[in-house]
Amino acid sequence: MAAARLCTAAGCGPAPAPLPPQAPPPRSHFRPRPLAARARAARGREGGRGRVEGGGGSRRASLARCGGSPAPGVSAPPSPPPGPRPRLARALTCAGGARGLLLALGHVPGIVMVTPRCVRKCSPCFRQRAPLPGSLGMLRAVRGGVRLLLPARGGGAVEGWGGPAPSPAPAPLTPFCLPPQRCLQRRLLQQVPPPATPPAVGRWLLACSGAVAGAVVLGGVTRLTESGLSMVDWHLVKEMKPPRTQQEWEAEFQKYQQFPEFKILNHDMTLTEFKFIWYMEYSHRMWGRVVGLAYILPATYFWRKGWLSRPMKGCVLALCGLVCFQGLLGWYMVKSGLEEKPDSYDIPRVSQYRLAAHLGSALVLYSASLWTGLSLLLPQHKLPETQQLLRLRQFAHGTTALIFLTALSGAFVAGLDAGLVYNSFPKMGERWIPDDLLAFSPMLRNMFENPTTVQFDHRVLGIASVTAVTALYLFSRKIPLPHRTRMAVTSLLAVACMQVGLGISTLLLYVPTPLAATHQSGSLALLSMALWLMSELRRVPK
């Protein structure tokens, strides 16, 4: 242990203690005399300060500082006495083409490793001086290439600082050349696997995805009951305390009466009815605050405990930022329904564009949390990389994107109340394609502002989604898959059929609130099954 802390560079502390001389190693362990002679001459010119000469006779590289303080209970070695200096081992030539000389100390047991400064700075093992595989004795930096000294076969010894010969004599150090710098760094890092993320992080992310799903469902119920515009103010902390006395409720009701929804739609509303819609919006906003705390507080705890790897830290920061953005986007959406429109007598509602953005960001947050949690908890299948499996994986990705797009189109249906027109299936009225499908000008406005076109698009996307899921299931039957993956495919098909049935029933029954809320929850369930299948089919990193 004390030998591993020795340092011979200038200014690095006391030099090693004198050691007894040892028998010289066999002649086969050294390079031709001219190169060794030049090395000894250069060492003599440097005054025994521990400098070695590189290839070409002009480059010099001082031995790197060992760094750190001596281990507890180990006294610092005294300065080397005058006399015989350490013998230089043979010069090495590595794959990179660099040449150099190594200082082989006879009293160093095991392996002596010499590595360039760039590797020593870049590699975490070298920077932290952590123990590496193979009982590495000490690190040194020279210019050009990577060198490793291994104990030679047979007896012999390497000359030390001088004195009586030790008993027993250590084995000599035989030079051994390693691959270039990047190859060495990659191999060493592969031997030391990165710390695994604890399962608690994966369970936390799954719980957060469930909380986001609850917020989406509660927001849909709030939209269906026309409760989203009942709270006309937004305060992060102040509005957390609901009205308690009769005077506070009347003051809140009077603020609501000043906005278009009461003047046009709810002009005969009583205070009791107002309390119901107010509590609906209040519960949705408070649930959003709970979701934010569920992300931020555990993330802070896991960060301080050191349970998050570097990529996971970036993922957690993105999720927490998306939660904060989701709250601001929700208030921005509500403001669109509180604006006065003197020339319009339509029912006041929030902008369908902002509603779609609010729902879309919630779906992204939910999908990212669920995907990351499943990736951390579910072990990966080592499936053979065949052409059929590659096509199945691509098919699953495309189907998931189609399901996400279908769920997002539902926001435009809800924002324009498009479910209240053409309550028939499979035809829209008496036609397959209604007459007012392209009634607005320019034509692109019909995709987002015409209720007939919005419902037609949602129907087409829904039918396309269930068709793609069915084709995905039939194609997967031709490929041997693990039991868990097979369960994911079957569950995806079952939820897709259930979702289509809920959508048709909601349309034919003129959008009842419980059934419509269940249909919206079904979209999250369908998206969850698709993400589960993608997680089962993901590639195993080599």
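The figures follow:
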read-out	value
Simple spin-label estimate for residue 254 and residue 328 in nanometres, 7 Å along Cα-Cβ	3.4
FRET efficiency, residue 313 to residue 236 (Cβ-Cβ, R0 35 Å, nearest 0.05)	0.85
R0 of 41 Å, Cβ-Cβ distance residue 272-residue 445: FRET efficiency to nearest 0.05	0.50
Heavy-atom accessible surface of region 235-333: percent carbon and sulfur, 1.4 Å	65
Per-peptide average of other Cβ atoms within 10 Å, ordering 258-268, 377-387 highest first	258-268, 377-387
Value of Rg to Rh for region 424-542 (Rh from inverse mean 1/r over Cα pairs, i.e. Kirkwood)	1.08
Gain on full stretching of the segment that runs from residue 471 to residue 377 - 0.36 nm per residue minus C-alpha separation	31.0 nm
Descending semi-axes in Å of region 453-523, equivalent ellipsoid built from Cα gyration tensor	28, 14, 7
Rounded percent of accessible protein surface that carbon and sulfur make up, region 349-422, 1.4 Å probe	66
Alpha-carbon centroid distance for the pair region 468-534 / region 334-385, whole angstrom	19
FRET efficiency for residue 435 and residue 196, using Cβ-Cβ distance with R0 set to 45 Å, rounded to 0.05	0.15
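The values are calculated or read from the model by the stated rules, or taken from the named source; none is laboratory data. Predicted model only: the values in this text are computed from it and were never measured. Cβ atoms come from the backbone with ideal geometry, glycine included; neighbour counts cover every protein chain shown. Ligands, DNA and RNA are excluded from the accessible area calculation, which covers all protein heavy atoms including side chains. Shrake-Rupley method; radii C 1.70, N 1.55, O 1.52, S 1.80 Å.
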